[in-house]
Structures are given as C-alpha cells and as structure tokens.
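See below for the structure under consideration.
A short reminder: the numbers here are calculations on the coordinates, not readings from a lab. Just so it is clear, the structure is predicted and the values come from calculations on it, not from any experiment. When we count neighbours, we look across all protein chains shown, and the Cβ atoms used for this are built from the backbone with ideal geometry, even at glycine.
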Amino acid sequence: MGSYWLPTSINGFLGDIKDASLLHFVLEGFLVAWLIWFIFRKSYKSHHRHSLSKEEEDKIISEWTPEPLVKSTPQDHPALKPHVVTGKAGHYIDVDGKPCLNLATHNYLSFVDKPQVEECAIQSIRKYGVGSCGPRGFYGTVDVHLELEEKLAKFMGMEEACVYAYGFSTVASAIPAYAKRNDIIFVDEQVNFAIQKGLDASRSRICYFKHNDVEDLEKLMLEFEAEAGKNPRKAKVTRRFLVIEGIYMNTGKICPLPALLELAHRFKCRTILDENVSFGTLGETGRGVTEFYNINRADVDLIVGSMEWALGSIGGFCVGSSFIVEHQRLSGLGYCFSASLPPLLTSAAMASLEEIEKNPELITVLHKQCQLVHDALANLSEFGYSMSGDIQSPVKHLYLTNPPQDAEKHRSLLHSISQYCIKNGVAIIPASYLDHMEARPRTPSLRITVNVDLTPAEVEAASKVLQQASSEFSLS
Amino acid sequence: MHVGGHGNANPNTTWLKSRGMWVSYILGMLILHLIILSVPLLSVAMAWTVTNLIHNLSHLIFLHSLKGAPWIPQDQGDCRSLTHWEQIDDGAQFTKTRKFLFAAPIVLFLLTCFYTKNDTSHFVVNLVSLVIVIVPKLPQLHEVRIFGINKY
C-alpha cells in the first residue's frame, strides 16, 4: 500500500491526476475557485426578518405627533389635589383624616386588616427578616414559598403551583412562557391590562372575541379553522390558546366557562384562565369559577390567580399539572428574574388561605353581600346609573345612563361624583385605565367592590350617597 | 435548559464561532475517518466516501433540517422557523463561521476525490451529497424553502 496519506512517488501522484477525466478537473477547479471566492467575500447582515412593511411604516410615521416633554397641567387637574390615605385600607378607610366606607379597594374577604393574618406576617418578619433577597432560582426560595405552593396546589386540587412575587406579572409572564410567535391566541376583548401585556409579550397573533360571546368566539375559531385548512402543514405547528378571566375585572361579569371550554376542546385550544377576582370569591368554598360551574379543574390547562385581592397579600400564582407549571420555573420571566415574594407576605397569604379553608362560610357571607350590593346598585337605575356585573361578583361597575358625549367630560364627571362620595363618607372611585394602551376602548365607570363585612345599613347609606350625587350632578 | 445569560438570547447564533469548536470539528472528522478506515472490510476509497457521506449527512440534518434550538431560547420563538445554519451569527452572511462550515464539505470532497483516485461511481455519489449540503448554504437561499420543503 506504500504510504496511505501521501503518494510514494511523484509518478504515483501524477498518475492519479492523469487518470482523472476532464470533467473532474473542471469541476474540482471550479469548486476550489468558488471556495476562494466565498472565503474572500466581505460579511454583511441580511435584512431583519420582522421589518415593517411600507404601509406599516407610513402608518406609524403619520400617527406620530411630537409631544412636549412636560405638558402644562390644568389647575383643576385631580393630580394636583391628591387624597391622603392614612392607616389600613380595611372595611373603613381614612381619606384625608376622615373615615370612609371602603368600596374602592379590593379586599373582598377583609384579610387586609385581619389580626390573625397580621400576626402571621409579624412572626414571619421575626424569623426571616423583611426581604427574600433574590429570585426563586437564585437563593430567593424560602421554606414558606414551598409551603404556600403546596397549600395552593392542594387547595385547588391540582398537581402543582408556582408563586410569583407580583400579581400583575403572573399572567403577564405565564402567557408568553407558552405562546410564542406564530401561535394564535383567542381572547376576550374585556380582559384586564395584565393579560394584554402578556399578549403583547407573546408576539403571537391575537384574536379578540366579543365580551362573553361564545358564538363570536366560535365564528372566529371557524374562520381560523378554514384558514388552517388551506395550509395544514402550517396549522400543525401553530399552537392555539384561549385566554379568559373568571370574573372580568373590567366588567364584573362571570365568564361562560362550560361553553368556552367545550369550544376550546373542540378546536384543540390550550386554555389559560385568569382567576384574579374569582379566586377566593366564587364557588361554595372560594375555589373559583371552576367550582362555580362545577367543572373538573383539570379541564383547564392553567389557572392563574392573584393573592392581592381576596387573600389580602401580594403576589400571584399559577396552578396546573406539574408538566405545565414546571415549565414556568425556567421560562416564566417574572418568576425567574424577580426577587421572590417577601416571606412575610407569603406567610400572610398562607394565613388567609388557611382561614378560607377553615371558614368556607366566609364565602357564603360574601355572596350574600354581593347580592345585597347588587340589588342596591340595580335600584339606582332610576337615578341615572346602570350597573354591570353578575350577582355573585364582588366587583361591580356603575355606568352613567346619559353620559356626556365628550370622553374627557365623561371622565371628569365621574371623578366629581367620586369626590362627592368621598366627601360624604363613602370611598368610591372611577375605574382607571391607560386609555391609549388598552386594546379596546373602555367605557368609563365607577368601580364598586364588595367587602364581606358590609352591613345592610352601610349599603343603604352608600346607595343614598350615590342617589344624592345623582341629583347633585343631575344625572337622571 | 434555559439560556440567555450574557445577553445572548439564543446561543445557537454563536457557539460554532469559537476556534476551539473548529479544532474539535476537524479532530472529530479525523477520528471518525480513522475509525472507519480501521474497519477491515472497507477499502481506502470506500472509507473516504463513507466519511464524506456521514459528514454531509450530519450537515444536512443538524444544519439544514432541524429547526429551532435544543434549549428554551428567550426570543419568543423567533428561531422556531429557522435552521441552525440560518441562525448562525443572527443571519449575517459570509462570516468566518459560515466560511469555515462552507469550506468543510468542499475540502472534504476534494480530499475524497483524491483518495478515491477519481473513481467515477465514488465521484458521482460524493458530488451529489456535496451539492445537497452546499446549495442550502448559499446566501441567496437564506430562509428560502425550495418547493416548500421543511417550511413549517
């Protein structure tokens, strides 16, 4: 064999080449030349894949109007006369040193000022200090976090839960952890702002269906199905999601969950259910909208809840199967990259949760109060208010029946009504929206929240104040 | 695995860049070739053709067929529709990494031609495999799916 790597003689080398046909010569010569050309080319960056089309560019340019760095503020701007709230925002709230009945903050079960909960938080400070000093994956996990996750999972009867440090970032992180570019998300048009931010971050295609309108959703899904039929290979890698809220913060209405889930099942959608209001308030024992409709919770892929409203703490959580929830521990951005929930708030949430488990009657009482407030507000229709919100919902919206045409006037009228109410001992505020960032225009409204400690007399008084406001501002 | 440290949302864009990778690549090819060469049944020419085919097949699979990344990249699925070749250097053309990976199959092909003494049947097989891995590397075919192959 001689030498394997090199020919033994020049003749041997030439022999190989001499045997080669002209075609070989030409091809190999061409390859070498091509390679050299390739190597000496200068590098360049190709155009970005997600560049805007001409129309999009024009649209953005035409929409842009330069703004002054600091706008001049009108002298009657509400921000110039802020209210000062002192003390706890419990059943009563001290606004400018005057106690008001609190119908403004979300404290459905009165856990914000419950002594047992406070005691737990204090104990926790003594043991752990005030902060957790790191994200969950980076020295920020304290035993109470694991305990709370276990408790939440057990309470909801799901495999696993993960706790976020902030209610807003929970759903805003959970959605983009699963839905990516090229996916499609069907979502109710009245979803809250946190969900909308999650949708933005997902980069998916968003399809809004009319509020609580199952038929409209079906129509959209059928349209998508028809589109998918034209390109089945693409459809095969397009994941579909359905994002809904248990009780809509923006309308106070309960979602028609059974019908929605049936559709999701039919069109193979993954479902994400945001229970920020409904957790701890709906259902016999406060387990949310799934309990309200008596639905098997495993039919919903991911349930997202808030611990900021009913539980009176801070933070949020996701519950679902381990397979689904575990994914967020590495791809939920709010989970990975925020410092974890302070142990004292974790303990407080745990104490509230235990309280709910121990006293499910609390929820029954809350339902009674919701009914009470519902009836009282429904009776205001002759005074120029119209109410939105289901009976069992602890969040109700009061709209004006004959609002001023001008949106700015509309808002300032609601603000004046709210000021009038506060002056008369009832804290009621308009729902505030970042109007220019909301997906759909929101009708300005007064948002009333129900508290478990309300008495019929208080509800009556609040209703009186609203009636007086009506005549004061001649609403009817 | 979750990635994204050091501000790099998708390591697939950079990990082939290092010179250490290139050395490992060349050493890997050499060891593969030596292993094949030590199989008694294979002639020298056959060993070279098999080496070339395995090399080109792995290019075809790992650089031009599989899309996305083996980890969870932080790009909200941007790379889901891209092959590894298209992700290299964030799609910049004629970069050093691309030149190296472009040169690899060509040099291997020339060597194979030499050691198979330009035998026609070997030549045809090797040429076809070369064309299959060179065509998708062309800058003109960046993010182009001919006949919709491997489009979604």
Problem set entry | FRET efficiency estimate (nearest 0.05) - Cβ-Cβ, A:Glu460 to A:Asp58, R0 45 angstrom | 0.20
Seminar exercise, completed: Averaging 1/r across every pair of distinct alpha carbons in the stretch A:115-358 and inverting yields a Kirkwood hydrodynamic radius, in angstrom, of 18.2 Å
Exercise. One-quarter of the Cα convex hull surface for the stretch A:65-148, in nm²?
Worked result: 11.0 nm²
Problem set entry | Largest to smallest principal axis extent of the C-alpha atoms in the stretch B:11-148, angstrom | 50, 34, 23
Problem set entry | Charge context of A:Arg329, other residues only, Cβ under 14 angstrom, K/R +1, D/E -1 | -3
Problem set entry | Sparse-neighbourhood loop sites, GluC sites (Glu not before Pro) in the stretch A:22-73 - DSSP loop, at most 12 other Cβ within 10 angstrom | none
Problem set entry | Total formal charge among the other residues, if their Cβ is under 11 angstrom from that of A:Asp453, Lys/Arg +1 and Asp/Glu -1 | -1
Exercise. Name the GluC sites (Glu not before Pro) in the stretch A:268-302 that are in a loop by DSSP and that have at most 15 other C-beta atoms within 10 Å, would you?
Worked result: A:Glu284
Problem set entry | On Cα atoms only, tilt of A:407-423 relative to the major axis of chain A in degrees | 50 degrees
Exercise. So what's the net charge close to A:Gln196: Lys and Arg +1, Asp and Glu -1, counting the other residues with Cβ under 12 Å from its Cβ?
Worked result: -3
Exercise. Using the C-alpha gyration tensor of the stretch A:381-476, what are the square roots of 5 times its eigenvalues, in whole angstrom, with the largest one first?
Worked result: 22, 17, 12
For this session: Would you please give the FRET efficiency between A:Ser72 and A:Ser386, computed as 1/(1 + (r/R0)^6) with r the Cβ-Cβ distance and R0 = 45 Å, to the nearest 0.05?
Result: 0.80
Exercise. In nm, what is the difference between 0.36 nm times the number of residues separating A:Leu222 and A:Asp435 and their Cα-Cα distance?
Worked result: 73.6 nm
Problem set entry | Alpha-carbon centroid distance for the pair the stretch B:17-73 / the stretch B:121-152, whole angstrom | 17 Å
Problem set entry | the stretch A:115-358, relative contact order in percent, only Cα pairs under 8 angstrom and at least six apart counted | 32 percent
Problem set entry | Where trypsin sites (Lys or Arg not before Pro) fall in DSSP loop in the stretch A:195-286, at most 10 other Cβ within 10 Å | A:Lys268
For this session: Treating cross-link reach as a plain straight distance, find the aspartates and glutamates whose alpha-carbon is under 15 Å from the alpha-carbon of A:Lys234, omitting any fewer than eight places away in the same chain.
Result: A:Asp183, A:Glu225
Exercise. Percent of alpha carbon pairs in the protein assembly as shown separated by more than 41 Å?
Worked result: 44 percent
Exercise. What is the mean projected area of the alpha carbon convex hull for the stretch A:328-391, to one decimal in square nanometres?
Worked result: 7.5 nm²
For this session: Take B:Val39, A:Val373, B:Val50 and order them by how many other Cβ atoms sit within 10 Å, fewest up front.
Result: B:Val39, B:Val50, A:Val373
